[in-house]
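Structure, as structure tokens:
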Amino acid sequence: MSGWLRVVLSLCWLGCLGGQPVETVIPRPARVIVISLDGARPDALQQADMPHLRRLAAAGAADWAAQTVFPPATLPAHTSMLTGLAVADHGVDWNGTNPGCPPVEPPTFLTLAERAGWRTAFVSGKEKFCHLVQTPGMDYTFALAGDRSITDRALALLDDGYEVIFLHFPNPDYFGHLHGWMSDIYLAELGQSDAQIGRVLAKLEDLGLAAQTLIIITADHGGHDFEHGTRRPEDMTIPWIIAGPGVLPGAALAGVQVTDTAATILWALGLPSPPKLAGRPVCAAFGLAADGLGCQPSAGVDDAVGRAR
Ligand SMILES: [Zn+2]
């Protein structure tokens, strides 16, 4: 079902044969799932009881010191995560809900994937994400009852054959604001989020999709005391974990930005990137040199690329 992304390396990154560039084939995923753990600090993920997340990170690659955008707030950061654009270029430097909920203008990776024929879905735990619904073709759910209800919907979407899915888990942020970031209750709640991650992974196994699914788990921002939104490292530092087809287990990642999420997905799906893309594909996760041939975002959303089946 999935196509193949053929990559020619210009550098002797993995070793050259007789001095010649070597060719590597990266499998194109049949599914993509991004899980954003709202307000999840990476040091908290490493302290909390999160066996499913740890297993995924061990099977894939992780940057435990990735960086989000300023302001480190839910809507600006998620807009950067989903569009790959800097805040100045997508313009969402506010964090509320405007009347009528007009969609942000620059396309998200979900919109670009939908245009290329993928079945896309967005499950949100906060109402203000309505600003990121840009097309009627994407399945959008505002699930009111937290991480578990997000996951309930996600499992149904997987049963129904949806292919590119964004899941927003709101609970870590709620518990950070209520009980304090890094409090015992905040850390315990991350364990509950992990149980929901486990349900998603189990569903992929049940459907026989686990090996074909590219998964990214990240966050929009961290937090300190009972808040976030400052330039403090506790607010700006986020986790970024990737696993799935072509990902090199244990690959060393560094310097990942929240905007790299959209860039990596567009690259992995073979989709063209929008103008002014700030993010870069995290090619090190696939054992490729950054900026090497085969690790360049495709230019120009107008050059529509059909889906390789
Ligand atoms: Zn948030």
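With the cut-off at 1.5 for a/c, could you classify region 34-94 from its C-alpha gyration tensor as rounded, prolate or oblate? Prolate.
Considering only 159, 173, 93, the mean-square fluctuation computed in a Gaussian network model of the chain, springs between alpha carbons under 10 angstrom, is largest for 159.
In this Cβ point-charge picture (+1 for Lys and Arg, -1 for Asp and Glu), the chain has a dipole of about 740 debye about its Cα centre.
When the square roots of the Cα gyration tensor eigenvalues are ordered a ≥ b ≥ c, the ratio a/c for the chain is under 1.5, which makes its shape rounded. Any aspartates and glutamates with Cα under 14 Å of the residue 126 Cα? List them, leaving off those in the same chain fewer than 8 positions away. By straight Cα distance, residue 126 reaches 38, 147, 173, 220.
The distance between label points at residue 231 and residue 205 comes to 4.6 nm (points 7 Å beyond Cα on the Cα→Cβ vector). Quick one: Karplus J couplings for region 266-283, per residue in order, coefficients 6.51, -1.76, 1.60, θ = phi - 60°, nearest Hz, x for Gly and Pro? Values, residue by residue: 4, 5, 5, 8, x, 9, x, 9, x, x, 6, 4, 8, x, 10, x, 7, 6 Hz. Counted over region 30-273, the DSSP beta bridges are approximately 30% antiparallel. Electrostatic bookkeeping for residue 257 treats Lys and Arg as +1 and Asp and Glu as -1; over the other residues with beta carbon under 10 Å from its beta carbon, the sum is -1.
Contact order, relative form, for region 30-273: 39 percent (alpha carbon pairs under 8 Å, 6 or more residues apart, mean separation divided by residue count).
Ranked by the mean number of other Cβ atoms within 10 Å of their residues, highest first, the peptides 103-115, 51-63 fall in the order 103-115, 51-63. Helical content of the chain, expressed as a calculated mean residue ellipticity at 222 nm, amounts to -9000 deg cm²/dmol (DSSP H runs of 4 or more residues, -39,500 (n - 2.57) each, divided by residue number, nearest 500). Of 169, 156, 110, which is farthest on the positive side of the dipole of region 66-207, counting Cα position, with +1 on Lys and Arg Cβ, -1 on Asp and Glu Cβ, and the Cα centre as origin? Comparing the listed Cα positions along the dipole, 110 ranks first.
Taking the alpha-carbon distance from residue 276 and a cut-off under 25 Å, which lysines remain once sequence neighbours fewer than 8 residues away in the same chain are dropped? Correct list for residue 276: 128.
The residues 81, 50, 182, 138, when put in order of fewest to most other Cβ atoms within 10 Å, stand as 182, 138, 50, 81.
Read the figures in this text as sums done on the coordinates, not as results from a lab. The model shown is predicted, which means the values in this text are computed figures rather than measured ones. Every residue, glycine as well, gets a Cβ built from its backbone with ideal geometry; the counts of neighbours run over all protein chains shown.
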